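Student: This structure is in structure tokens; I'll ask about it shortly.
The values are calculated or read from the model by the stated rules, or taken from the named source; none is laboratory data. All values reported here derive from a predicted model rather than from experimental measurement. No Cβ is skipped: glycine too gets one built from the backbone with ideal geometry, and neighbour counts run over all protein chains shown. Remember, those area values only see protein heavy atoms, side chains included, never the ligands or the DNA or RNA. Shrake-Rupley method; radii C 1.70, N 1.55, O 1.52, S 1.80 Å.
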Amino acid sequence: TTNRQRYIMQCLKAIGTAEAFETVQKFLDAPFEKKAEALDVACEMANVTVQAGGAGNRERCEANASIIMDKLGAHYILIKGGIFTFSMTKKPETVEDIYVAKYTVTNKHYRQFINYLDSKEAGYAAILPVESYTKSLFSLAESIKGFSDSIKGEKSLATRFCSPYDDDKQFNKDDQPVLRPSWYAARAYCLWLSLLESDGRLPELYRLPTEKEWEYAAGGKESRKYPWGDKEPSPTLANYNNNEGATTPTGRYPEGATPEGLHDMAGNVWEWTEDLYQKGISWRAMRGGAYYSDNADALRCSSRNYYNPRLYYLNVGFRVIRSSLFLPENLIP
């Protein structure tokens, strides 16, 4: 059954021993039908590029197995490039291959960034000295209007970038999305992740998606109305309309995931994108809707929102992408 397969895979993931991973590989190679949710977990654990086994499951596994993992353990799914009708131009637009984070950035991963800035992550500091990162951050900030002014003279970047909800028990669980980082904080996180993974060599390895990339990842070549398709939102598909009264742990709504396996692209938190909302102003665009959105239209793949990049918007988080040009093997000196 679906629940039994999923439960077994989650238990094996929690155990995490070599024997557990061998069992997962046997599961993938076995000739019986695998349930989608269990297969997602198994492919993540195997961290494979193409899974050749599993009669009757090859296509499903290949679709979900193009996964890479960053140093924090976050997973990214390959979204193959293509042409789609972009809602903003109403014209066919091309998107290149990209790796998109399966989930929005969680409190657990974001806290590692804040702890690093606060000199509480010696392991990461050994890879990327805080002084080196800070120098790169200020260089980046100089290239973005308003960013440099927002951190100039700041005594503690950890305090500056910390989530305002980090002490709120309603929103600060490890697997909930980090809440209310400013756009500048999200860019600072992407820079840190990039330099950490590439030993300081590739500052743009990870970044925020453009609006076009985000919409393509959410709606696909067929320009789906919602990430899951054209069916109207419901409490089983997304966290919206205050169904839960707060953000929920990432991945809580598997029925609302995209066919490729991207979760929570509708509801839970608005997601920062790289782009300006419109030319001539510095406010940045957001996509996806949030847990409090009472209008289902806000959850559409084409829906947009915006806010001041310096401020901490009420219910916003962010999702990271990685260019397919930067494959893991290419980062080895």
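Student: Residue by residue through region 119-148, note down the ones that are open to solvent by less than 80 Å² (accessible area, probe 1.4 Å), closer than 19 Å to residue 187 by Cβ and part of a loop (DSSP other than H, G, I, E, B).
Tutor: 128, 144, 146
Student: Determine which single condition residue 180 fails, assuming it passes every other condition in (1) within 21 Å of residue 166 (Cβ to Cβ); (2) buried (at least 19 other Cβ atoms within 10 Å of the Cβ); (3) free of Cβ contacts under 8 Å to residues at least 24 places away in the same chain.
Tutor: Of the numbered conditions (1) within 21 Å of residue 166 (Cβ to Cβ); (2) buried (at least 19 other Cβ atoms within 10 Å of the Cβ); (3) free of Cβ contacts under 8 Å to residues at least 24 places away in the same chain, the odd one out for residue 180 is (3).
Student: Moving on to the next point. Yes or no: residue 150 over 27 Å from residue 280 (Cα atoms), touching a residue at least 12 places away in the same chain (Cβ under 8 Å) and more than 24 Å from the chain's Cα centre (by Cα)?
Tutor: Taking the combined requirement at face value, the residue does not satisfy it.
Student: Looking only at residues that are open to solvent by 50 Å² or more (accessible area, probe 1.4 Å), in a loop (DSSP other than H, G, I, E, B) and among the charged types (D, E, K, R) in region 149-167, which one is farthest from residue 136 (Cα to Cα)?
Tutor: So the first thing to find is which residues in region 149-167 are open to solvent by 50 Å² or more (accessible area, probe 1.4 Å), and the list is 149, 152-155, 159-160, 164, 167.
From what's left, in a loop (DSSP other than H, G, I, E, B): 152-155, 164, 167.
Those left that are additionally among the charged types (D, E, K, R): 152, 154-155, 167.
Details: 152: 14, 154: 15, 155: 17, 167: 29 Å.
My answer is 167.
Student: Then there is this: Looking at this structure, is residue 240 crowded, with 23+ Cβ neighbours inside 10 Å, closer than 18 Å to residue 313 by Cα and among the hydroxyl-bearing types (Ser, Thr, Tyr)?
Tutor: Yes.
Student: When the residues of region 287-302 are filtered to those that are closer than 16 Å to residue 230 by Cα and surrounded by fewer than 20 Cβ atoms within 10 Å (Cβ to Cβ), which remaining residue is farthest from the chain's Cα centre (by Cα)?
Tutor: Among them, the one singled out is 295.
Student: Find the helices (runs of 4 or more DSSP H) located wholly in region 1-52 whose residues include 1 or more that are at pLDDT 70 or above, of a type in the set (Ser, Thr, Tyr) and open to solvent by 70 Å² or more (accessible area, probe 1.4 Å), and list them.
Tutor: Passing ranges, in order: 2-15.
Student: Still on this structure, please answer the following. When region 101-118 is examined, which residues are found to be in a loop (DSSP other than H, G, I, E, B) and touching a residue at least 60 places away in the same chain (Cβ under 8 Å)?
Tutor: Within region 101-118, 102, 103, 104, 105 meet the criteria.
Student: Let me ask another. Would you mind telling me which numbered condition in (1) at pLDDT 95 or above; (2) open to solvent by less than 70 Å² (accessible area, probe 1.4 Å) residue 97 fails?
Tutor: (1)
Student: Looking at the structure I just gave you, is residue 224 of a type outside the set (Gly, Ala, Ser), assigned to a loop (DSSP other than H, G, I, E, B), in contact with a Cys (Cβ under 9 Å, 6 or more places away or on another chain) and within 26 Å of residue 6 (Cβ to Cβ)?
Tutor: Values: of a type outside the set (Gly, Ala, Ser): yes; assigned to a loop (DSSP other than H, G, I, E, B): yes; in contact with a Cys (Cβ under 9 Å, 6 or more places away or on another chain): yes; within 26 Å of residue 6 (Cβ to Cβ): yes.
Yes.
Student: Separate question: Looking only at region 251-286, count how many residues are acidic (Asp, Glu) and crowded, with 24+ Cβ neighbours inside 10 Å.
Tutor: Selection size over region 251-286: 2.
Student: Run residue 155 past the list (1) within 25 Å of the chain's Cα centre (by Cα); (2) farther than 20 Å from residue 69 by Cα and report the number of the one that doesn't hold.
Tutor: For residue 155, the exception is condition (1).
Student: Okay, moving on. Could you check region 264-311 and list, in sequence order, the residues that are among the charged types (D, E, K, R), touching a residue at least 12 places away in the same chain (Cβ under 8 Å) and part of a loop (DSSP other than H, G, I, E, B)?
Tutor: Within region 264-311, the subset among the charged types (D, E, K, R) is 264, 271, 274-275, 279, 284, 287, 294, 297, 300, 304, 310.
Narrowing further to those that are touching a residue at least 12 places away in the same chain (Cβ under 8 Å): 264, 271, 274-275, 284, 287, 294, 300, 304, 310.
Passing the criteria: 264, 294, 300, 304, 310.
Student: Please go through region 124-145 and pick out each residue that is over 23 Å from residue 274 (Cβ atoms) and of a type in the set (Val, Ile, Thr). It would help to see each step written out before you state the result.
Tutor: The first filter runs over region 124-145 and keeps only residues over 23 Å from residue 274 (Cβ atoms), leaving 124-127, 129-132.
Result: 127, 130.
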